[in-house]
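Q: Quick one: the structure is below, and I'll ask about it shortly.
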């Protein structure tokens, strides 16, 4: 993979790892006949840099370059995030604001019409209540 991507092996928890993942996705799209890719990046930047700061903006600009390349190759792109920038607990009770994604999909699509496969071992995912019906903002409870 290192030869295909043309980048050095990055540290596991770094901005470089996320860039490596995007670069690998572009190279795979350019050199392989694929129907689907799932590119999972770290949240290193989101923990290190606040929204709108130089580091965060540079990271998203890097993402834009790779996503534009995938778009130019004809890929359909879907983006998700494991958490947003809002409270993850009910302010009054202190209880986690957790909704299981499988339950939501079963309600929307019918039982067993979709299957949630977690690339991580944490089965708790939350969807902010005010956006469930229009545009889900999905986040993993920590």
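The values are calculated or read from the model by the stated rules, or taken from the named source; none is laboratory data. If you're wondering where the values come from, they're calculated on a predicted model, not measured in any experiment. In this analysis, Cβ positions are derived from the backbone assuming ideal geometry, glycine residues included, and neighbour counts consider all displayed protein chains.
Q: Which pairs turn up if I take residues in region 31-52 that are surrounded by fewer than 16 Cβ atoms within 10 Å (Cβ to Cβ) and look for partners that are part of a loop (DSSP other than H, G, I, E, B) with beta carbon separation below 7 Å, at least 6 apart in sequence or on another chain?
A: So the pair list comes out as 40/119; 43/82; 51/85.
Q: Of all residues being more than 20 Å from residue 43 (Cβ to Cβ) and not in a loop (DSSP other than H, G, I, E, B) in region 1-25, which is modelled with the lowest pLDDT? Just the residue, please.
A: Only one residue tops the list, namely 2.
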